[in-house]
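The values are calculated or read from the model by the stated rules, or taken from the named source; none is laboratory data. Here the structure is a predicted model, which means the values were calculated and not measured. As a convention, Cβ positions derive from the backbone with ideal geometry for all residues, glycine included, and neighbour counts pool all protein chains shown.
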Amino acid sequence: MSIAYLYLACAIAAEIVATTFLKSSDGFSRLWPSVVTIAGYAVSFFFLSLTLRTIPTGIAYAIWSGVGIVLISLISWIWFGQKLDLPAMLGMGLIVAGVVVINVFSRSASH
């Protein structure tokens, strides 16, 4: 695994923390969840920018957003009691499949 993918993992983790706290910020009316949200997105974009030195923008963004969507949906299901119906789970399965296809078969991802 190259350092770019480590940076991408850090970007995804920070984005997940930021998005989780975004709900808790209650429209940026609560100070500490708002601070965590803003800091989390700043860290996420910083690491995403480091990722883009090596991985093409489209590939990095597809992985960042796809993995982020799936993980934040799972966290929302566990933490906030969000309901996930069959179409939502199938859609997330397709997102995961897309990320796997990009990483396993795309030559664009290997730059």
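Which of (1) under 16 Å from Leu6 (Cα atoms); (2) in contact with a Lys or Arg (Cβ under 8 Å, 6 or more places away or on another chain) does Ser24 not meet, given it meets every other one?
The single condition Ser24 does not satisfy is (1).
Scan the stretch 95-111 residue by residue and report those that are surrounded by 10 or more Cβ atoms within 10 Å (Cβ to Cβ) and either within 17 Å of the chain's Cα centre (by Cα) or of a type in the set (A, V, I, L, M, F, W, C) (or both).
The answer is Ile95, Val96, Ala97, Gly98, Val99, Val100, Val101, Ile102, Asn103, Ala109.
Residues checked against (1) assigned to a helix (DSSP H, G or I); (2) under 23 Å from Leu8 (Cβ atoms); (3) touching a Leu at 6+ places or on another chain (Cβ under 6 Å); (4) among the hydroxyl-bearing types (Ser, Thr, Tyr):
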position	(1), (2), (3), (4)
Lys23	yes, no, no, no
Ser29	no, no, no, yes
Trp32	yes, no, no, no
Gly40	yes, yes, no, no
Leu50	yes, yes, no, no
Gly68	yes, yes, no, no
Leu71	yes, yes, no, no
Ile78	yes, no, no, no
Leu84	no, no, no, no
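What number of residues within the stretch 21-63 satisfy the criterion of being touching a Phe, Trp or Tyr at 6+ places or on another chain (Cβ under 8 Å), closer than 20 Å to Trp77 by Cα and either modelled with pLDDT of 95 or more or of a type in the set (Gly, Ala, Ser) (or both)?
2
Looking only at residues in the stretch 73-88 that are of a type outside the set (Val, Ile, Thr) and surrounded by 13 or more Cβ atoms within 10 Å (Cβ to Cβ), which one is farthest from Lys23 (Cα to Cα)?
Taking the stretch 73-88 as the starting set, the residues that turn out to be of a type outside the set (Val, Ile, Thr) are 73-74, 76-77, 79-88.
Checking the rest, the ones that are also surrounded by 13 or more Cβ atoms within 10 Å (Cβ to Cβ) come to 73-74, 76-77, 82, 84, 88.
Values: Ser73: 12, Leu74: 14, Ser76: 10, Trp77: 13, Gln82: 12, Leu84: 17, Ala88: 20 Å.
Across the stretch 73-88, the extreme among qualifying residues is Ala88.
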